[in-house]
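The values are calculated or read from the model by the stated rules, or taken from the named source; none is laboratory data. Keep in mind that this is a model prediction, so the values were computed, not measured. We place every Cβ from the backbone using ideal geometry, glycine too, and count neighbours over all the protein chains shown.
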Amino acid sequence: MNFFSPQKATPRVRRTLGCVSIVSAVGVAYIIYHGTADDSVDTRPILPTLLAAHPIATPSESSATPLAEPREARPAAVPAQQANVPSAVLAALALPMETREDAATNAIREWAMREPERALVFARSLRTPDRSAAIQTVLETLGDHPALALKAGREILLAEPEEAEVFGSTLINALTSAKEFTTALELAKSSGIENSRIDWTSTIVGEWVRSQPEMVPQLAAIIARPGTPEQVIQSFRDAWASAAPASAAESALALPPGEVRQGVVARAVSEWISQEPKAAAEWIDQNLKSGPEFDQALAALLTQTPRDFYSPQAALERTTSISDPQLRADTRATLMRSWAETDRQAALNYLQLAKEVGPEERGQLFVALTQPPASPDTGEPQRIR
């Protein structure tokens, strides 16, 4: 009997061949799916390279399998493949324009939380005014799917440059909210927009420090490397000093000399004094060194510390440790004005006898302390420079 001739096959044989065909089709589909699916990538070991300059990914690097067909192949309005689209989504998109925005957003978000990749393909294939909002709604849900977020983000940043900044920001926020910081950094370095790359990196670093302060030493060592953008450094030190000023001040002293250590110490001192003035002042007074790198921190210490820890005269005498002449003069002017508000005569008496104050600076301070404050109608009060 010829088993390959459907006409000659018995019913039992035809059923057997049908089963074999089904099993074979399933097996082939399984092999194709697992052969082309992206392997999950552990991005944590690559952290030291994330803040350096990276080449922009090309389309061939972003993904071997696109998430959607090219734009030219998409239908004119709602895609024809509606069989797999939830009826709630189609119903919401069929509403009048003035009433469908919230309904469509809610329906698409609910679908995306169940089937994010299919929802994203559908959103990108739309040819209605809802398209951009639908894509953003799906991207907002991808924080819990970091591998898909990275793949989709890289493709969208390349394929949709006119909205890359909006879509990229949406994904970065979703990933940082889900504490997927290394994946967010990987996506940020894929951006072809330099300003966006720096903005996103700054946001990620700041959120990382606030969310996981135990990562501060590792991040600090990386950010202290030459070439890190100033905006990223500023975001790091602001977040660190705000989240844990005491540990930031103490740990920063162990950092390599440079702008990062200088900025962290100055900001941490200011934050710490505002939260725990006595403890901060005691620690700072014992540990703070003299030198240009610590000028800002010393100025914050002297101008913000309560007077029951530093008397006005003791604070003014300590200003001699500030090496920057302009900052030293500004700090003295602030201290003198503060002292004069409570005891003008004592401040003037000190000023006449202070050896650390030169003749020109003495004259400027004397004028500032003796002349009446400027009225709101005449302009700002005089500033000592």
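List of remarks:
- Checklist (1) of a type outside the set (S, T, N, Q); (2) more than 30 Å from ASP199 (Cβ to Cβ); (3) touching a residue at least 40 places away in the same chain (Cβ under 8 Å) applied to ALA107, failing item: (3)
- Which numbered condition PRO217 fails, given (1) surrounded by 14 or more Cβ atoms within 10 Å (Cβ to Cβ); (2) touching a residue at least 24 places away in the same chain (Cβ under 8 Å); (3) more than 30 Å from LEU148 (Cβ to Cβ): (1)
- ALA279 vs. criteria in a helix (DSSP H, G or I) and buried (at least 19 other Cβ atoms within 10 Å of the Cβ): no
- Only listed residue being hydroxyl-bearing (Ser, Thr, Tyr) and either modelled with pLDDT under 80 or touching a Cys at 6+ places or on another chain (Cβ under 7 Å) (or both), chosen from SER274, SER290, SER270: SER290
- Lone qualifier among GLU230, GLU163 - being of a type outside the set (Ser, Thr, Tyr) and closer than 24 Å to VAL264 by Cα: GLU230
- Qualifying residue in region 247-261 (condition: of a type in the set (Lys, Arg) and over 19 Å from the mean Cα position of the chain (by Cα)): yes
- The residue that is surrounded by the fewest Cβ atoms within 10 Å (Cβ to Cβ), counting only those in region 83-108 that are small (Gly, Ala, Ser) and farther than 13 Å from PRO129 by Cβ, is ALA83.
- Just so you know, in region 124-146 the residues that are outside any helix (DSSP H, G or I) and more than 21 Å from the chain's Cα centre (by Cα) include one that is farthest from THR105 (Cα to Cα), and it is ARG127.
- Taking helices (runs of 4 or more DSSP H) as the structural unit, those lying wholly within region 160-238 and holding at least 3 residues that are hydroxyl-bearing (Ser, Thr, Tyr) correspond to 164-177, 194-211.
Conditions tested, residue by residue: (1) surrounded by fewer than 24 Cβ atoms within 10 Å (Cβ to Cβ); (2) farther than 30 Å from LEU93 by Cβ; (3) at pLDDT below 90; (4) hydroxyl-bearing (Ser, Thr, Tyr).
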residue	(1), (2), (3), (4)
ASP144	yes, no, no, no
ALA147	yes, no, no, no
GLY153	no, no, no, no
GLY168	no, no, no, no
ALA184	no, yes, no, no
LEU187	no, no, no, no
GLU230	yes, yes, yes, no
PHE236	no, yes, yes, no
ALA243	yes, yes, yes, no
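- LYS189 meets the stated requirement of being on the phi < 0 side of the Ramachandran plot, of a type in the set (D, E, K, R), in contact (Cβ under 8 Å) with a residue 60 or more places away in the chain and touching a Lys or Arg at 6+ places or on another chain (Cβ under 9 Å).
- Scan region 283-310 for residues that are under 16 Å from ILE273 (Cα atoms) and part of a loop (DSSP other than H, G, I, E, B) and the total you get is 7.
- Within region 178-188, the residues that satisfy the criterion of being in contact with a Leu (Cβ under 6 Å, 6 or more places away or on another chain) and either farther than 11 Å from LEU150 by Cα or hydrophobic (A, V, I, L, M, F, W, C) (or both) are ALA184, LEU185, LEU187.
- The set of residues from region 182-239 being among the hydroxyl-bearing types (Ser, Thr, Tyr) and out of contact with any helix residue (DSSP H, G or I) (no Cβ under 7 Å at 6 or more places or on another chain) comprises SER211, THR228.
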